[in-house]
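Asker: Here it is, the structure, as structure tokens.
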Amino acid sequence: MGLLTEDMKRVVREQRFGFIATVCPDGTPNLSPKGTTTAWDDDHLVFADITSSHTIANLRLNPATEINVVDPMIRKGYRFKGTATILTEGPLFEQIVAYYTHRGTANPIRSVVLVKVERAAPLISPVYTLGLKEPAVRNRWLRYWDSLHREKITEPTGE
């Protein structure tokens with residue numbers, strides 16, 4: 001059994017959106033969202049390089065990375081620290097690209113990044129310290145997002 005629990009894999013597969021942290025050549029952090037983030041197996045996460053030139057360049061110099069995946073409705077998720085391997089060819093590369101193609105990814109994939117997870121930890125919002133349960137947190141955020149996306153009434157322009 002690997003480091004990734006069934007719940008970790010479920011959250012990553014459901015969300016599909018990870019924030020990938022790398023280190024720039026000057027030592028500053030780089031954070032890049034990737035909508036192709038998924039759990040590959042019990043020890044690895046993967047994401048596709050569609051337009052990730054800075055992330056890939058950083059990983060070529062320093063393969064250390066952290067990936068954060070959070071369910072925004074319940075404000076819980078996981079952080080994964082590990083070492084990245086960039087694949088551009090070979091059977092595993094082809095297998096991963098086939099997975100993304102089957103899932104509906106239409107953009108060309110230049111490479112894939114396979115991350116060996118070495119440490120994982122939960123990410124949990126402080127809102128739970130108030131004693132709230134997941135349904136209450138989810139409902140609170142659903143109401144918030146609904147309020148953002150309602151059609152806004154604009155002021156008359158006088159025309």
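Asker: State the number of residues belonging to the range 6-26 that are under 8 Å from the mean Cα position of the chain (by Cα) and assigned to a loop (DSSP other than H, G, I, E, B).
Answerer: Within the range 6-26, residues that are under 8 Å from the mean Cα position of the chain (by Cα) and assigned to a loop (DSSP other than H, G, I, E, B) number 2.
Asker: While we're looking at this one, here's another question. Tell me the residue from Pro126, Pro135, Pro122 that is touching a Lys or Arg at 6+ places or on another chain (Cβ under 8 Å) and more than 13 Å from Ala48 (Cα to Cα), please. Don't jump to the end; show me each part of the working.
Answerer: Values: Pro126 fails: touching a Lys or Arg at 6+ places or on another chain (Cβ under 8 Å); Pro135 fails: touching a Lys or Arg at 6+ places or on another chain (Cβ under 8 Å).
Answer to the check: Pro122.
Asker: Failed condition for Ile74, given (1) touching a helix residue (DSSP H, G or I) at 6+ places or on another chain (Cβ under 8 Å); (2) farther than 30 Å from Val127 by Cβ, with all others met?
Answerer: (2)
Asker: Let me ask something else. Conditions: (1) exposed (fewer than 14 other Cβ atoms within 10 Å of the Cβ); (2) free of Cβ contacts under 8 Å to residues at least 40 places away in the same chain. Leu142 meets all but one. Number of the miss?
Answerer: Checking Leu142 against (1) exposed (fewer than 14 other Cβ atoms within 10 Å of the Cβ); (2) free of Cβ contacts under 8 Å to residues at least 40 places away in the same chain, the one that fails is (2).
Asker: Now a separate question. Given the condition under 15 Å from Val117 (Cα atoms), of a type in the set (Ser, Thr, Tyr) and assigned to a loop (DSSP other than H, G, I, E, B), answer yes or no: does some residue in the range 27-36 qualify?
Answerer: There is no residue in the range 27-36 that is under 15 Å from Val117 (Cα atoms), of a type in the set (Ser, Thr, Tyr) and assigned to a loop (DSSP other than H, G, I, E, B).
Asker: Please verify whether Ala98 is out of contact with any Lys or Arg (no Cβ under 9 Å at 6 or more places or on another chain), more than 30 Å from Pro135 (Cβ to Cβ) and of a type outside the set (Asp, Glu), treating the condition exactly as stated.
Answerer: So Ala98 fits the description; yes.
Asker: Give me the pairs, please: first residue somewhere in the range 94-123 and surrounded by 11 or more Cβ atoms within 10 Å (Cβ to Cβ), second residue anywhere and assigned to a helix (DSSP H, G or I), beta-carbon distance under 7 Å, and either six or more positions apart or on two chains.
Answerer: Going by the 7 Å Cβ cut-off, the qualifying pairs are Ile109/Val97; Ile109/Tyr100; Ser111/Ile56; Val112/Phe93; Val112/Ile96; Val112/Val97; Val113/Leu59; Ala120/Met8.
Asker: Also, I was wondering about something else. Which ranges mark the strands (runs of 3 or more DSSP E) fully within the range 37-140 that have 3 or more residues being modelled with pLDDT of 95 or more and more than 14 Å from the chain's Cα centre (by Cα)?
Answerer: Values: elements: 44-49, 64-71, 76-87, 111-124.
The strands (runs of 3 or more DSSP E) meeting that bar are 76-87, 111-124.
Asker: Related question: It is to be established whether one or more residues within the range 53-65 are under 30 Å from Asp146 (Cα atoms) and exposed (fewer than 14 other Cβ atoms within 10 Å of the Cβ).
Answerer: no
The values are calculated or read from the model by the stated rules, or taken from the named source; none is laboratory data. Computed from a predicted structure; not experimentally measured. Glycine also receives a Cβ, built like all others from the backbone with ideal geometry; neighbour counts cover every protein chain displayed.
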